[in-house]
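What follows is calculated from the coordinates using simple rules that are stated; it is not laboratory data. What you are looking at is a predicted structure, and each value in this text was computed from that prediction instead of being measured. Neighbour counts are summed over all protein chains in view; Cβ atoms, including those assigned to glycine, are modelled from backbone coordinates with ideal geometry.
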Amino acid sequence: MTYVDPLAEAGGRAAISGLIDAVQAQFPGFVFSRVSEVDAHHRQLRFSWGLGPDGEEPVVIGFDVIVLDEDGRIQDVRGFLDKVPA
């Protein structure tokens, strides 16, 4: 399993978990929320997400493209950032 976005890259469950922990530590009190429907076809899916204080407008907005393996498990996640604070 791999994850890559403009700011980070990680391979394997432990590294990806560590990356998630680092983001949560950097932004205490912020939560991820899905802000679009999931669009899926041919073992691929995409959706938009937001990151911000719980119950408020997201400070960061992006979208992920996920590729599934033949068993339907996540194989690859590619993240894109649409809105990032200066």
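Helix 13-26 versus the longest principal axis of the chain: what is the Cα-based angle in degrees, 0 to 90, to the nearest 10?
With rounding to tens, the tilt is 10 degrees.
HN-Hα J couplings of segment 46-60 from phi, Karplus 6.51/-1.76/1.60, θ = phi - 60°, integer Hz, Gly and Pro as x?
9, 7, 9, 9, x, 10, x, x, 4, x, 10, 4, x, 8, 10
Using a simple charge model, +1 on the beta-carbon of Lys and Arg, -1 on the beta-carbon of Asp and Glu, nothing else, what dipole does the chain show about its Cα centre, in debye to the nearest 20? Numbers along the way, then the final one.
Values: 7 positive and 14 negative charges, 18 e Å.
Dipole magnitude for the chain comes out near 80 debye.
Which GluC sites (Glu not before Pro) does the chain hold that lie in a coil by DSSP with at most 16 other beta carbons within 10 Å? Don't skip to the end; give the middle numbers.
Numbers: sites: Glu9, Glu37, Glu56, Glu70; in loops: Glu37, Glu56, Glu70.
Passing sites in the chain are Glu37, Glu56, Glu70.
Using helices alone, I'd like the mean residue ellipticity at 222 nm for the chain: each DSSP H run of four-plus residues gives -39500 (n - 2.57), total over residue count, nearest 500. Let's see the in-between values first.
Values: 1 runs with 14 residues, N = 86.
Dividing the helical sum by the residues of the chain leaves -5000 deg cm²/dmol.
Taking the chain, which trypsin sites (Lys or Arg not before Pro) meet the DSSP loop condition and have no more than 16 other C-beta atoms within 10 Å? Please report the intermediate quantities before stating the final value.
Details: sites: Arg13, Arg34, Arg43, Arg46, Arg73, Arg78, Lys83; in loops: Arg43, Arg73.
Those satisfying the criteria are Arg43, Arg73.
For labels at Glu56 and Ala25 in the simple 7 Å Cα→Cβ model, what's the distance in nm?
2.3 nm
Given a Förster distance of 25 angstrom, what is the FRET efficiency for Glu37 paired with Val77, based on the Cβ-Cβ distance and rounded to 0.05?
On the way: r = 18 Å, r/R0 = 0.72.
Efficiency, from the Cβ-Cβ distance: 0.90.
For segment 27-37, just list the computed ³J(HN,Hα) in residue order, Karplus coefficients 6.51, -1.76 and 1.60, θ = phi - 60°, integers in Hz, with x standing in for Gly and Pro.
Result, rounded to whole Hz: 10, x, x, 8, 10, 8, 9, 7, 10, 8, 6.
Once amide H atoms are built 1.01 Å from N in the peptide plane, which residues 5 or more positions from Val35, or in another chain, come under 5 Å H to H?
Sorted by chain and number, the residues that satisfy this are Ser48, Trp49, Gly50.
Rounded, prolate or oblate: which one fits the chain, using the alpha carbon gyration tensor with axes a ≥ b ≥ c (rounded when a/c is under 1.5, else prolate when a/b beats b/c, else oblate)?
Working: a/c = 2.08, a/b = 1.35, b/c = 1.53.
Since a/c reaches 1.5 but b/c is at least a/b, the shape of the chain is classed as oblate.
Using the Cα gyration tensor of segment 1-47, with a ≥ b ≥ c the square roots of its eigenvalues, what is the shape: rounded (a/c below 1.5), prolate (a/b larger than b/c) or oblate (neither)? Can you show the working numbers first?
Working: a/c = 2.60, a/b = 1.30, b/c = 2.00.
Taking the square roots of the gyration eigenvalues as a ≥ b ≥ c, segment 1-47 is oblate.
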